[in-house]
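These notes concern the structure reproduced below.
The values are calculated or read from the model by the stated rules, or taken from the named source; none is laboratory data. This is a predicted model, so every value here is computed, not measured. Using ideal geometry, Cβ is built from the backbone for each residue, glycine included, and neighbour counts are taken over all protein chains shown.
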Amino acid sequence: MQDVFSFLKMKILHKEILGQTQDTRLTKIEVSAPDIAASASPGQFAVLMVSEEGERIPLTIVDCDKNKGIITFIFQEAGLTTKLLGKLNQGDSLYALAGPLGHPTEIKNYGQVILVGGGVGIAELYPVAKALKGAGNQVVTILGARTKELLILEKELKSVSSELHITTDDGSYGRKGFTTDVLKELLNNEQRTMNYELVYAVGPIPMMRKCAAATQEFKVKTLVSLNALMVDATGMCGCCRVEVGGKTKFSCVDGPEFDGHLVDWDGLTKRNAVYLEQEKHICNLMPK
Amino acid sequence: MKKEPLEAKERDVSQRVNSFDEVVFGYSEEEALSEASRCLQCKNPVCILGCPVGIDIKKFIYQVSQKDYKGAYFTIRQKNDFPSICGRVCPAEYQCRKTCILTKKGSPFAAKEAINIHFLERFVGDYGMRNNLSVPPGKCAGAAKIKVAVVGSGPAGICCAGELARKGIKVVVFESLHKLGGVLRYGIPPFRLPRDILDYEIDYLKKLGVEFVPNCIIGKAKTLDGLLKEGFAAVFLGLGAGTPSFLGIPGENLCNVYSANEFLTRVNLMSAYEFPKFHTPVNIGKHAIVIGGGNTAMDAARVALRLQKMNGLAPDTTILYRRSEVEMPARRLEIEHAKEEGIKFKLLVKPEEFYADKNGFVQKIRCLECRLGEPDSSGRRKPIPVPGSDFKMPCDLAIIAVGLQANQILTKATPEIKVDEWADVVVDPETMETSVKKVFAGGDIVGGEGTVIEAMGMAKKAAEAILKSCSA
């Protein structure tokens, strides 16, 4: 009989630094979570706590091994909680872990799709890319990073993409510029016989917003995966609410994916900045 | 000589607004004896009819008057598993105290003269807790082999778990959050229900053999069907009313506009009032506005005011309610407490719009004045906005406490469970069984927002039906 309490472990089984610069670090952890692994689908996330005093933060489930009962997270050490998470090592346990949450991505054969990933958002792109490729789509992928050292999962995404474009802000790798530059060219190119049915974008809010603005003109359906602030992440608090097409939605239970053309980007940007001061304050208190 | 009703003593106002310590002190033994001696021991004790679980109030008060506190404890425990909790949070003035013979018939709530049954219940409950009294488990033939799953560790869930565990059934309680207690933990602030009371009750269940599984979302990590296949003979759903309602007015999604659930969860569950020791932040307004007239609104306002005081701000917290005070659904005691603590009440007003500053933070609120019309379907007089009566108020923190709806995570994942138009679970009122066999439900997920004691009443009924169905 399956041990119903086994997922209580929440143990970090493997940890790996995927990329780092002087001020930024991207880390991958594999965590024991049999129940979540067994039921998670691409596009879903989990909520975790590092310690009893900690915050509840949502992180996308990047990969899951259903047989071994392991899920993978990739995160950028940005705020206090991700910094504390980055301090945990193999063998340490999370304080809390619940999921899978949110709606899975609708995986079907759209035909030709463009996937755009920026920064740590590339991690969230990977499971969706794999699933879309598996459903028979022709996947064109655009990855963007600030600099070469922070570009992650290039090899993995290359293996599921028929075409892979890379941009870096500083030109240290791939093409110098932004993902939207490539996106616009792909959509604009009249010589091409491609007929893109879907653009899927995940990354920093300004990037997703620019992608949605770019595709609007070409009337290509555009999904974005939002990273709103959350507390319980089960629809109880409404912290993550965002206006989509003039209606209030909860990112946690109605999302996290929404039609990028309908998202109130201004509202989302502002709401995500509600606690910037506290975040700065508490990060300054953290022992170096 | 007629004795005066005895209010329980309370923490001094200046002290309580600077902490989250419990406001109401329990009765001392003398106070309990004095209050118990006021009970008329009616031949026909109508107070009992006002209790949703039918506690033998007459008997337990008599036992108190005879100093038989142990007897009183077991009398209450026949019907109510958590007297220390209910004695603190029951809206007695709408229940047993309202039907007490000392309240005039037809009053909207209990008279001051009505026996303070809730304070006596708390006294007895706390006596039982201090003396580690517990109801001896009774065995039910073959129970040891039976496993029942309870979904949700709120009032309904823990009550059902206790009822079944005492009969020797193996109970596993699944909770989606990292801490146990449901609304008793994230909703009710510690100054009304201290956490150690809740912890004691949960520890007691653990001692009874109840297994708690936090961080497990049924409907996501496991399905209902999966639970039944895992070998649970029955499942009880105590999912609660977890989804906050909003007003649907412009500006409602501005920064620093919170649902009461979010505000209270940050403070109660995540301990945001101890930021940065605890890492979850909450914003504190200079001009806090709370919208609503229920217990949640009172709780949110009193928390907001405490945060102002504890952070060195001049307290300025106002409750806006569209009817008048008499229609407020909150416990009268909480309304009094809120007023004593300096919460301002602005009644007969309807919020119309929030305005932002340049960074998207709420800055002002515009309202309309209301007058009361004829009673509506709730039996309360309906507020009618007065055209042209607009006025604006400063508001840099808004908390919306206008009710809750069903949390649909499990029911959406399990369409075979029949729900009504409000997404509440439909049950057979006799057994609390849902449209899926062996699956029962109770608490706020059935029939919408109610009280802790009503939830427990439903849970007890379901537990009886589960026992029957398991032994059949």
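From the list B:349, B:326, the lone residue that is over 24 Å from residue B:256 (Cα atoms) and hydrophobic (A, V, I, L, M, F, W, C) is B:326. Every test in (1) away from every other protein chain (no Cβ under 12 Å); (2) touching a residue at least 12 places away in the same chain (Cβ under 8 Å) is passed by residue B:312 save one, and that test is (2). For residue A:222, which of the numbered conditions (1) in contact (Cβ under 8 Å) with a residue 12 or more places away in the chain; (2) under 28 Å from residue B:177 (Cβ atoms); (3) more than 9 Å from chain B (Cβ to nearest Cβ) fails to hold? Unmet condition: (2).
Identify the residue in the stretch B:315-349 that is hydroxyl-bearing (Ser, Thr, Tyr) and out of contact with any Phe, Trp or Tyr (no Cβ under 8 Å at 6 or more places or on another chain) and, among all such residues, is modelled with the highest pLDDT. Checked the stretch B:315-349; the qualifying residue modelled with the highest pLDDT is B:317. For the stretch B:172-212, a residue qualifies if it is more than 22 Å from residue B:132 (Cα to Cα) and aliphatic (A, V, I, L, M), and the qualifying residues are B:172, B:173, B:177, B:183, B:188. Summed over the stretch A:106-140, residues that are over 21 Å from residue A:195 (Cβ atoms) and not in a helix (DSSP H, G or I) total 4.
Checked against the criteria, residue B:410 counts as surrounded by 21 or more Cβ atoms within 10 Å (Cβ to Cβ), more than 30 Å from residue B:354 (Cβ to Cβ), within 14 Å of chain A (Cβ to nearest Cβ) and touching a Lys or Arg at 6+ places or on another chain (Cβ under 9 Å).
If the condition is being in a helix (DSSP H, G or I) and more than 8 Å from every other protein chain (Cβ to nearest Cβ), then the stretch B:217-260 contributes B:224, B:225, B:226, B:227, B:228, B:229, B:260.
Of the strands (runs of 3 or more DSSP E) that lie entirely inside the stretch A:185-288, those containing 2 or more residues that are on the phi < 0 side of the Ramachandran plot and of a type in the set (D, E, K, R) span A:241-244, A:247-250, A:257-259. Within the stretch A:188-202, is even one residue within 14 Å of chain B (Cβ to nearest Cβ), in contact (Cβ under 8 Å) with a residue 12 or more places away in the chain, touching a strand residue (DSSP E or B) at 6+ places or on another chain (Cβ under 9 Å) and not polar (S, T, N, Q)? For the stretch A:188-202, residues within 14 Å of chain B (Cβ to nearest Cβ), in contact (Cβ under 8 Å) with a residue 12 or more places away in the chain, touching a strand residue (DSSP E or B) at 6+ places or on another chain (Cβ under 9 Å) and not polar (S, T, N, Q): absent. Checked against (1) among the hydroxyl-bearing types (Ser, Thr, Tyr); (2) within 14 Å of residue B:87 (Cβ to Cβ); (3) touching a Cys at 6+ places or on another chain (Cβ under 8 Å), residue B:62 meets all criteria but (2). Looking at this structure, is residue B:19 in a helix (DSSP H, G or I), farther than 28 Å from residue B:457 by Cβ and assigned by TED's automatic domain parsing to the domain that holds residue B:119? So residue B:19 does not fit the description; no. Comparison of B:278, B:263 shows that the only residue that is in a helix (DSSP H, G or I) and within 10 Å of chain A (Cβ to nearest Cβ) is B:263.
(1) within 13 Å of chain B (Cβ to nearest Cβ); (2) in contact with a helix residue (DSSP H, G or I) (Cβ under 7 Å, 6 or more places away or on another chain): which one isn't true of residue A:53, the others all being true? Among (1) within 13 Å of chain B (Cβ to nearest Cβ); (2) in contact with a helix residue (DSSP H, G or I) (Cβ under 7 Å, 6 or more places away or on another chain), residue A:53 violates only (2). Answer with yes or no whether residue B:193 is in a loop (DSSP other than H, G, I, E, B), among the hydrophobic types (A, V, I, L, M, F, W, C), over 27 Å from residue A:242 (Cα atoms) and without any contact (Cβ under 8 Å) to a residue 40 or more places away in the chain. Here the answer is no, as residue B:193 does not meet what is asked.
The set of residues in the stretch B:281-308 that are part of a helix (DSSP H, G or I) and either within 14 Å of chain A (Cβ to nearest Cβ) or of a type in the set (A, V, I, L, M, F, W, C) (or both) comprises B:296, B:297, B:298, B:300, B:301, B:303, B:304, B:305, B:307.
Taken over the stretch A:272-288, residues that are at pLDDT below 85 and under 20 Å from residue A:206 (Cβ atoms) amount to 0. All of B:105, B:79, B:70 fail the test of being at pLDDT 95 or above, farther than 22 Å from residue B:3 by Cβ and surrounded by fewer than 21 Cβ atoms within 10 Å (Cβ to Cβ), apart from B:70.
The lone criterion from (1) closer than 22 Å to residue A:252 by Cβ; (2) touching a His at 6+ places or on another chain (Cβ under 7 Å) left unmet by residue A:90 is number (1). Considering B:147, B:170, the condition of being more than 30 Å from residue B:273 (Cα to Cα), touching a residue at least 12 places away in the same chain (Cβ under 8 Å) and in contact with a helix residue (DSSP H, G or I) (Cβ under 8 Å, 6 or more places away or on another chain) is satisfied by B:170 alone. For residue B:397, the requirement of being in contact with a Gly (Cβ under 8 Å, 6 or more places away or on another chain) and either small (Gly, Ala, Ser) or closer than 27 Å to residue B:218 by Cα (or both) is not met.
Evaluating residue B:304 against the criteria (1) crowded, with 23+ Cβ neighbours inside 10 Å; (2) under 30 Å from residue B:114 (Cα atoms) leaves one unmet condition, (2). Scanning the stretch A:93-123 for residues that are surrounded by fewer than 23 Cβ atoms within 10 Å (Cβ to Cβ) and within 18 Å of residue A:36 (Cβ to Cβ) yields A:93, A:95, A:96, A:103, A:104, A:105. Exactly one residue among A:202, A:220, A:242 is over 25 Å from residue A:146 (Cα atoms) and in contact with an Asp or Glu (Cβ under 7 Å, 6 or more places away or on another chain), and that residue is A:242. Total residues in the stretch B:418-456 satisfying the condition of being under 17 Å from residue B:86 (Cα atoms) and surrounded by fewer than 24 Cβ atoms within 10 Å (Cβ to Cβ): the figure is 4. You will find that of A:246, A:260, the residue that is buried (at least 19 other Cβ atoms within 10 Å of the Cβ), among the small types (Gly, Ala, Ser) and more than 8 Å from chain B (Cβ to nearest Cβ) is A:260 and no other. Checked against the criterion of being basic (Lys, Arg), touching a Phe, Trp or Tyr at 6+ places or on another chain (Cβ under 9 Å) and under 30 Å from residue B:288 (Cβ atoms), the stretch B:392-415 has at least one qualifying residue. Does residue B:197 satisfy the criteria of being away from every other protein chain (no Cβ under 14 Å) and in contact with an Asp or Glu (Cβ under 7 Å, 6 or more places away or on another chain)? No: the conditions fail for residue B:197.
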